[in-house]
1. Could you grab me the full set of residues in the range 554-565 that are over 51 Å from the mean Cα position of the chain (by Cα), surrounded by 13 or more Cβ atoms within 10 Å (Cβ to Cβ) and in a helix (DSSP H, G or I)?
2. From the list 510, 548, pick out the single residue that is under 28 Å from residue 450 (Cβ atoms) and in contact (Cβ under 8 Å) with a residue 60 or more places away in the chain.
3. Of 496, 520, 551, which residue is exposed (fewer than 15 other Cβ atoms within 10 Å of the Cβ) and under 30 Å from residue 125 (Cα atoms)?
4. Answer yes or no: is there a residue in the range 105-114 that is at pLDDT 85 or above, part of a loop (DSSP other than H, G, I, E, B) and more than 27 Å from residue 238 (Cβ to Cβ).
5. Kindly check whether there is at least one residue in the range 577-599 that is under 24 Å from residue 303 (Cα atoms) and assigned to a loop (DSSP other than H, G, I, E, B).
6. Mind listing just one residue for me: the one in the range 65-89 that is in contact with a strand residue (DSSP E or B) (Cβ under 8 Å, 6 or more places away or on another chain) and either without any contact (Cβ under 8 Å) to a residue 40 or more places away in the chain or not in a strand (DSSP E or B) (or both) and, of those, surrounded by the most Cβ atoms within 10 Å (Cβ to Cβ)?
7. Since residue 584 meets every condition but one in (1) free of Cβ contacts under 8 Å to residues at least 60 places away in the same chain; (2) outside the structural domain of residue 337 (by TED's automatic domain parsing), which condition does it not meet?
């Protein structure tokens, strides 16, 4: 379709037009109407080869409410049989008034015709205003939509806010039309139908050398621009009226105009601002550490598995897998679901009574499924080992189980977090919507998508090189095509589009804002890796439990039940010998018999 390629060249050509236009005219309210006459085709280099502008005629009827109805007619010679099948008419709506304020004009398309017949059209956004494509949906390889010879293009539209207040006078701004039409020094005429009582302000520039102004009637002015150089600069037309000529502006109009003037800058700033506030709030919460515990509460350890305690205590290092596995084995033993010979690496397991538990009644099954998921998974690994004399070496079950163990524990850690972080997801979605709106209104939607696509594909490539195991999976035909051909093709298309598309000076600040939106989304999603208050409190409880095992803080009074309940956590934290030593000292002080638990395999 022609619309994709036309949009790229429209931005490029408009930049050239903007750089060659008169600086004074860029400050006019009439600048939108002037640039409505500027054609942008598929590429600046192809326009002169495919088309020639013969003449341009415009009629503007200004009403007492400060709006105007504009009708533009262009005579174009189609020179080549192969062409893009249509043209762009740029109608910028931004202008800078005498005080330096930037304003946005209202625009409403009324008609788009070719040779007197309604034609297909679509409207694209850009920072200065709109680009209206008039022609047929087309591709470069298709048969020509515009036949060779002269064709007529007509566009009609409404414009608003063409009047500004200067003291006790009202000034209507109108342009010197068609100073250049896409590099063509064609003949141009402009007919102005104005409210009576206006006086044309004298210009400091030599108007006679640029164009002729004649009054064809009391309220009509005719402007004639002869054939001239493509880069000539023409003075503006300012018509002064006494106060009260035009309709009084209401407060509602002022509010609506202010919103339209500041919409694009506001949303371009709002997204990064929301992201910054969210990140600062989350960082502030993470810096506020929970108060250290002065005593251990056993109930707080019942809600987490010993394996999770091991991973959290050892900061999710790979070495934590062995501690988490052995802690789960000890947990199974203290729950009387198997018997073990010890807590070291050479420990053996036997008498896997969990097999019978799962076959018994509802109470027994509730006992089994009441265990953490990671503990049940560890039992399954041990159960799958080949026994020797009804004994299984415990550590053999860990080999190759580390990734699955880490994933199961990580899922439990996410549940402690409290489910999905809806605040972060809603914030990132809001920033995404604001970024898309900024890209759409600034005419950078496809350009921004190309940049994001390039960054995403590059990130995937880097992750695949650093962690190839994460991308290992089924290698069917579609997977191979998508990975080795689809992604490189998308990367080449994105880079090609970025390289062929030039961003005009007015779009550059908004491109920076769009990139800041992307950075903001990444920053907000990165906050998902920062522990929440529940997770920080859980880690604080585990650290307190470690101090309790060393006798540094108070906790539950020692008993056989207390020892067995906390033993899996002592294994997870690597202090099972210290905890057992405290238990033995307590036994001696209580003059108790030797401790011989039924979950230990006797020598």
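1. Residues satisfying the conditions are 560, 562, 563, 564.
2. After ruling out the rest, the residue left standing is 510.
3. 496
4. no
5. Yes: the range 577-599 contains one or more residues that are under 24 Å from residue 303 (Cα atoms) and assigned to a loop (DSSP other than H, G, I, E, B).
6. The residue in question is 84.
7. (2)
Conditions (1) assigned to a strand (DSSP E or B); (2) in contact with a helix residue (DSSP H, G or I) (Cβ under 6 Å, 6 or more places away or on another chain); (3) in the same structural domain as residue 61 (by TED's automatic domain parsing); (4) at pLDDT 80 or above, marked per residue:
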| position | (1), (2), (3), (4) |
| --- | --- |
| 178 | no, no, yes, no |
| 189 | yes, no, yes, yes |
| 196 | no, no, yes, yes |
| 204 | no, no, yes, no |
| 216 | yes, no, yes, no |
| 223 | yes, no, yes, yes |
| 227 | no, no, yes, no |
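The values are calculated or read from the model by the stated rules, or taken from the named source; none is laboratory data. Just so we're clear, the structure is a prediction, and the values are computed from it rather than from any experiment. FYI the Cβ positions are ideal-geometry reconstructions off the backbone, even for glycines, and counts take in every protein chain you see.
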